[in-house]
Amino acid sequence: MSRSADRTERGTERWIERWIERGIERLGGRAIDGVRAARDLWLVYVGTLAGILRRGGPKGELVRQLHAIGNKSLVFVIVTLGFIGMVMAYEACRQLSRITGDYTMVGPQLIRLIVTDFGPTLTAMMLATRVGAGIAAEIGSMKVTEQIDALRMSGVLPIDYLIVPRFLASVVMTFALSIVGGSVMFLAGGLTAEHSFGVNPSVFYDFSLIHPRHLVLMCIKALAYGAAIPVVAGFCGLRARGSSEGVGWATTAAVIGSSFAVIALDFVISASALVLTGGEL
């Protein structure tokens, strides 16, 4: 019995050792893959900036991407941010009605939140789902059908031809849609507060808490988000492998990666602004 128990114990120890070794190998492999992916993403970003300096890509493609990213996303952004503004104003007024019944600060605080955070961030999140998925699907389809290899054989840089026009269009249209979406959000919130709780529009539409630093922060966030979405989505599209499954993976990864990039940038930019302004943002 002692020999049998000893063999069982040794077998268990060997199994645990092999399990630990496999776990370490898998963890190391994933770490290496993560480092390689980060390096490739950085190269795509640098290549995009270099392509802008080279003025690469067809000029007509920029106009088409401005329309595809901006005009076709306009209704989506307006409806989404409009409803969010209505919900935020309604809930704020509803909670205040239970405590003080004073609605004088609902509008000023809402517009400051919209300008400094909700306007550009929510707009970018909407664009990450729609535009990011579209960019990854287009580029991924070209990758799996070897159209990108054909571009290289023709002497055309794929980043210049595919990502640079989308990058420029995304930066411009994310900034423009952030302004439009934020305006609609504030207007919808004001209409909700007026018709649901009788808030005076002259009290709600108060911009006294908005300062130049808030507008600068909004511009920085909108431009950063607009730059991140096409780079991440294009990177995912260029990594597509296989057939339609690879395109589906690229699309899913683009939506997740673009959304995460927006959230991470929001945190970094907001934290940096708080530090630079001494906590008086």
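What follows is calculated from the coordinates using simple rules that are stated; it is not laboratory data. Note that the coordinates shown come from a computational prediction; the quantities given were computed from them, not determined experimentally. Backbone-built Cβ (ideal geometry, glycine too); neighbour counts: all protein chains shown.
Once all Cα-Cα distances of the stretch 133-281 are split into 10 Å bins that start at 0, what whole-number percent is in each one?
The distribution over the stretch 133-281 is 11, 28, 26, 19, 11, 5, 0, given as percents.
What lysines could a cross-link reach from LYS221, if we take a straight Cα to Cα line under 22 Å and drop same-chain neighbours fewer than 8 places away?
Once the sequence-local lysines are set aside, what remains near LYS221 is LYS72.
Between the helical axis of 2-54 and the dominant principal axis of the chain, each derived from Cα atoms, what acute angle in degrees is found, rounded to the nearest 10?
50
Test of understanding: in a Gaussian network model of the chain with alpha carbons linked when under 10 Å, which of TRP42, TRP249, TRP15 would top the mean-square fluctuation ranking?
Taking springs between Cα atoms under 10 Å, the residue moving most is TRP15.
Tilt of helix 212-238 relative to the longest C-alpha principal axis of the chain, in degrees (0 to 90, nearest 10)?
Rounded to the nearest ten degrees, it is 30.
Once the Cα atoms of helix 72-99 and of the chain are each reduced to a long axis, what angle between those two axes, in degrees from 0 to 90 to the nearest 10, is obtained?
70
When only alpha-carbon atoms are used, what values of Rg and Dmax, in angstrom, describe the chain?
24.9, 90
Measure out, as a whole number of angstrom, how far apart the alpha-carbon centroids of the stretch 104-140 and the stretch 177-255 sit.
Comparing the Cα centres of the stretch 104-140 and the stretch 177-255, I get a distance of 1 Å.
What is the packing order of peptides 180-189, 99-108, taking the mean over residues of other C-beta atoms within 10 Å and listing the highest first?
Ranked by mean Cβ neighbours within 10 Å, highest first: 180-189, 99-108.
With the contact rule set at Cα under 8 Å and sequence spacing of 6 or more, what percent relative contact order holds for the chain?
Relative CO of the chain lands at 29 percent.
Any chance you could run the full-extension gain for VAL79 through ILE16? It's 0.36 nm times the residue separation minus the Cα-Cα distance, nm to one decimal.
Taking 0.36 nm per residue and subtracting the Cα distance, the gain is 17.1 nm.
How would you order 166-177, 229-240, 257-268 from highest to lowest mean count of nearby Cβ atoms within 10 Å?
Final packing ranking: 229-240, 166-177, 257-268.
If we sort 44-51, 241-248 on the protection proxy, mean other Cβ atoms within 10 Å, highest first, what's the order?
Working: 44-51: 18.1, 241-248: 13.9.
Answer by packing, highest mean first, reads 44-51, 241-248.
Compute the Rg to Rh ratio over the stretch 214-272 from the alpha carbon atoms, using the Kirkwood formula for Rh, and round to two decimal places.
Rg/Rh for the stretch 214-272 comes to 1.13.
Can you list the equivalent-ellipsoid semi-axes of the stretch 114-175, largest first and in whole Å, using the square root of 5 times each Cα gyration tensor eigenvalue?
Semi-axes, largest first: 30, 13, 5 Å.
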